[in-house]
Every structure is written in C-alpha cells, then in structure tokens.
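Where a number appears in this text, it was derived from the coordinates with a stated rule and is not lab data. Just so you know, these numbers come straight off a predicted model, no measurement behind them. Every residue, glycine as well, gets a Cβ built from its backbone with ideal geometry; the counts of neighbours run over all protein chains shown.
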Amino acid sequence: MKLLFDQNISHRIVEKVSLQFPESVHVLEIGLDNASDTAIWDYARQEGFAIVSKDSDFHQRSFVYGHPPKFIWVKKGNCSTEEILSILLRHHEEILAFGKDTTSSFLVFE
C-alpha cells in the first residue's frame, strides 16, 4: 500500500516506512506541499495512494466522496514523527487489510 503523507506530517517519515510501505511519498517530494486538499485528494486518487494526515478535512471528504483514495487519519494532535511512525508500524497489518477492503473509506488512529 502506497501512502501519501500530508504536509502536517514530517517528510522524514517516508524513509522510515519505506520497507513496510514501499513507494510512499510526502507531498513535499511531489510539489504538492502548498496544494489544496482537493489537489492532494485528486493526485492520491489518480496515482493509487492512501492519504495519511492529521487533518480532519480529509475525513470529511472521505464521507462525501468515498474512496478512492483511502484516508488514514492520525488523530493525535501535536505529536512527534516517532509517535506517528510507531502507530503506522504497530498497525501495519491492519493498514494493509484496510487497503484491500472494498467498503471502508477511512481508518482512524487516536
């Protein structure tokens, strides 16, 4: 499962999850660091990414539009990159299953 990390998550996380989630990227790497949520959503849908963000706006968008793309909401407020990394690695199998689930649009980690 390819993850697209939103601006509110450090770009340094991409290298740290590269073994578990190959081909993942950060919006900074693809020139979308100042893009609108719509542009990020459209890119993720077209390129087969699941969006990972701390932004509740994507959660609302997933209700309205469904998937693709899938959305993973890290609902932790102000937390470190290491905390987000820990969540993603701890829930690796769950995230992969979510990627294959044809009915679910979002996954929330608090």
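Among the residues in region 15-37, are any in contact with a Lys or Arg (Cβ under 7 Å, 6 or more places away or on another chain), more than 14 Å from residue 2 (Cα to Cα) and surrounded by 14 or more Cβ atoms within 10 Å (Cβ to Cβ)?
yes
Restricting attention to region 72-110, which residues are of a type in the set (Val, Ile, Thr) and touching a residue at least 24 places away in the same chain (Cβ under 8 Å)?
72, 74, 81, 84, 95, 108
Please return the ranges of helices (runs of 4 or more DSSP H) entirely within the chain where 1 or more residues are small (Gly, Ala, Ser). Show your work before the answer.
Values: elements: 13-16, 37-47, 56-65, 81-90, 92-100.
Qualifying helices (runs of 4 or more DSSP H): 37-47, 56-65, 81-90, 92-100.
Take region 38-71 and flag every residue that is touching a residue at least 40 places away in the same chain (Cβ under 8 Å), closer than 8 Å to residue 4 by Cβ and of a type in the set (A, V, I, L, M, F, W, C).
Within region 38-71, 44, 49, 50, 51, 52 qualify.
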